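**Student:** Dumping the structure here so I can ask a few things about it.
The values are calculated or read from the model by the stated rules, or taken from the named source; none is laboratory data. Predicted model only: the values in this text are computed from it and were never measured. Because the Cβ atoms are built from the backbone with ideal geometry, glycine has one as well, and the counts that use them run over all protein chains shown. When the accessible area is computed, the model is the full protein with side chains, heavy atoms only, and any ligands, DNA or RNA have been set aside. Shrake-Rupley method; radii C 1.70, N 1.55, O 1.52, S 1.80 Å.
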Amino acid sequence: TGNAIITTADIDNGSSDNCSTVNLSANITAFTCSEVGANTVTLTATDGASNSSTCTSTVTVLDTISPIASCQNITVYLDATGNATITPADVDNGSSDNCGVTSLLTDITTFTCSEIGTNTVTLTVTDGSSNTASCSSTVTVLDTISPTASCQNITVYLSSTGTASITAADIDNGSSDNCTVASLVADLTTFTCSEIGANSVTLTVTDGSSNSNTCISTVTVLDTISPVPSLA
């Protein structure tokens, strides 16, 4: 509770009198956290004839009780730059001490895309007497920001067999994400004579956390191969 009590006998070192036993009294017998350290206590010895004398004792008050560290699990979200920051107070769940907590420290305070998922963070609680205790919190890092999908229009030419193919990268125009783009998928990648002209192709951009976004590219299909004449 942050309290300590002494008796006069604790600081008496054999006070005596020529005639009788002595009555002992001390000016301080109770101590709290505010008295941590060296305290001067005056002991007064009084005999049966009311004669008295005093001496002083140094009572050193120590706090050797460690704080009670209490943690809570939290979830944090990466920002548009792929970063997240926490403070020790975010994972503290009411840590306490008999004399008062003076500092809270965590071993990790910043998170990036590489920490997506669960992370164990240690909270260290310290009191004014440098007693410490620690606990662990699970910090779950999430990326909920969708990629930025960017498309470009392209022109493709039918081959001699009347076909043309594209990849998703062909219509991508630098799609990006706060972490990384995991996949590019186009809903239409092969074209035949029936697609000659302008075709709308949807590009789906997905990141490592399954966030996705789309854009539309116009793929113009041309046939520039002349017919082959055949004589009867």
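**Student:** Given H placed 1.01 Å from N in the peptide plane, which residues other than close sequence neighbours of N119 have an amide H under 5 Å from its amide H?
**Tutor:** Answer set, sorted by chain and number: V139, T140, V141.
**Student:** Work out how far the C-alpha atoms of the chain reach from end to end along every principal axis, then list the three figures in whole Å, largest first.
**Tutor:** Principal extents (largest minus smallest coordinate, Cα): 152, 18, 17 Å.
**Student:** Non-local amide H neighbours of I68 (under 5 Å, H modeled in plane, Pro and chain starts lacking H): which ones?
**Tutor:** S96, D97
**Student:** If the viscosity is 1.306 mPa s and the temperature 10 °C, what translational diffusion coefficient in µm²/s does Stokes-Einstein give for the range 133-232 when Rh comes from Kirkwood over Cα pairs?
**Tutor:** Roughly 100 µm²/s, to the nearest whole number.
**Student:** With a 1.4 Å probe and every protein chain left in place, work out the accessible area per residue of the chain in Å², rounded to a whole number.
**Tutor:** The answer is 56 Å² per residue.
**Student:** In whole Hz, what ³J(HN,Hα) sequence does the range 172-186 give by Karplus (6.51, -1.76, 1.60; θ = phi - 60°), x for Gly and Pro?
**Tutor:** The phi angles translate into 6, 10, x, 4, 9, 8, 5, 10, 8, 7, 8, 7, 10, 10, 9 Hz.
**Student:** Over the Cα atoms of the range 154-208, what is the Rg over Rh ratio if Rh follows Kirkwood?
**Tutor:** Taking Rh as the inverse mean 1/r over Cα pairs, Rg/Rh reads 1.06.
**Student:** Please report, as a whole percent, how much of the solvent-accessible surface of the range 42-167 comes from carbon and sulfur atoms (probe radius 1.4 Å).
**Tutor:** 48
**Student:** Ok, one more. Post the alpha-carbon centroid distance, the range 1-42 to the range 161-214, in whole angstrom.
**Tutor:** Taking the Cα centre of the range 161-214 as reference, the centre of the range 1-42 is 85 Å away.
**Student:** Given a Förster distance of 22 angstrom, what is the FRET efficiency for T54 paired with I5, based on the Cβ-Cβ distance and rounded to 0.05?
**Tutor:** E between T54 and I5, to the nearest 0.05, is 0.60.
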